[in-house]
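Written below as structure tokens is the structure these notes are about.
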Amino acid sequence: GESVGLHLPTLSVQEGDNSIINCAYSNSASDYFIWYKQESGKGPQFIIDIRSNMDKRQGQRVTVLLNKTVKHLSLQIAATQPGDSAVYFCAENGGGATNKLIFGTGTLLAVQP
Amino acid sequence: DGGITQSPKYLFRKEGQNVTLSCEQNLNHDAMYWYRQDPGQGLRLIYYSQIVNDFQKGDIAEGYSVSREKKESFPLTVTSAQKNPTAFYLCASSNRGGGKVEQFFGPGTRLTVL
């Protein structure tokens, strides 16, 4: 979802549960999407990407789902661990060829031990 | 180790002073980017460069300037014209891939104007 001002959407989960983080993207021309993880005070780290010719892509413990009909992207994290606590951003490329990315405002994932 | 370095990690500036943030990459990437991040918000693009000696304004370029004299380096100057410069600044780089490649980020510089 979108956030306003200083208040990020927050997802609180128990350690060991699965997490699902959602993102609504803005540009129907976007054909490349990325999920990043950002820990406090650090730069974003790449998690997984997906191109628009795919609906689903799996990585290690993570799965990204793309629904182009409703312009929705989700990140699923299996067996969530305390080290997964961070802000998660989705990004889209807007369909351009310049490698520019458009970032969402992020979701804070809080893993309770 | 390959990667992107930014320096300094923390920077304090008095109002009215210009300050330059360093970004260096040894990934042999053609494209480099500067973003600004404010608390609870996403990344906003300041400037980007797809090749040496060329750069373009992003969404919030006013009060900032850049240069791209070397492939490895993309310094950002925050000028006194930037009305609200206190923020976390992130540099990134990528291969040229027609808009379908990942950007790699540096650790960031936190700028505080006193």
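Brief remarks on what is shown
- Filtered residue count, the range B:90-103, keeping only those that are within 23 Å of A:Asn27 (Cα to Cα), at the interface with chain A (Cβ under 7 Å from one of its Cβ atoms), touching a residue at least 40 places away in the same chain (Cβ under 8 Å) and not charged (D, E, K, R): 2
- Qualifying positions in the range A:69-92 - surrounded by fewer than 19 Cβ atoms within 10 Å (Cβ to Cβ) and within 28 Å of B:Gln56 (Cβ to Cβ): A:Lys71
- Flag for A:Gly95 being within 14 Å of chain B (Cβ to nearest Cβ), at pLDDT below 95, open to solvent by less than 60 Å² (accessible area, probe 1.4 Å) and over 15 Å from the mean Cα position of the chain (by Cα): yes
- For the range A:68-89, the criterion of a residue being outside any loop (DSSP other than H, G, I, E, B), within 26 Å of B:Gly97 (Cβ to Cβ) and basic (Lys, Arg) is satisfied by no position.
To keep it simple, each residue is scored yes or no on (1) in contact with a Lys or Arg (Cβ under 7 Å, 6 or more places away or on another chain); (2) at pLDDT 95 or above; (3) within 28 Å of B:Gly106 (Cα to Cα).
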{"site": "A:Gln14", "(1), (2), (3)": "no, yes, no"}
{"site": "A:Ser30", "(1), (2), (3)": "no, no, yes"}
{"site": "A:Gln38", "(1), (2), (3)": "no, yes, yes"}
{"site": "A:Phe46", "(1), (2), (3)": "no, yes, yes"}
{"site": "A:Ser74", "(1), (2), (3)": "no, yes, yes"}
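- Matching residues, the range A:7-24, being within 12 Å of another protein chain (Cβ to nearest Cβ) and surrounded by 13 or more Cβ atoms within 10 Å (Cβ to Cβ): A:Leu8, A:Pro9, A:Cys23
Matching residues to (1) without any contact (Cβ under 8 Å) to a residue 60 or more places away in the chain; (2) within 14 Å of chain B (Cβ to nearest Cβ):
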| residue | (1), (2) |
| --- | --- |
| A:Asp31 | no, yes |
| A:Ser40 | yes, yes |
| A:Phe46 | yes, yes |
| A:Asp49 | yes, yes |
| A:Thr63 | yes, no |
| A:Asn99 | yes, yes |
| A:Gln112 | no, no |
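The values are calculated or read from the model by the stated rules, or taken from the named source; none is laboratory data. The structure presented is a predicted model; accordingly, all values stated were derived computationally and were not measured. Quick reminder, even Gly has a Cβ in these numbers, built from the backbone with ideal geometry, and neighbours come from all protein chains shown. Quick note on the areas: whole protein, heavy atoms, side chains included, nothing else; ligands and nucleic acids left out. Shrake-Rupley method; radii C 1.70, N 1.55, O 1.52, S 1.80 Å.
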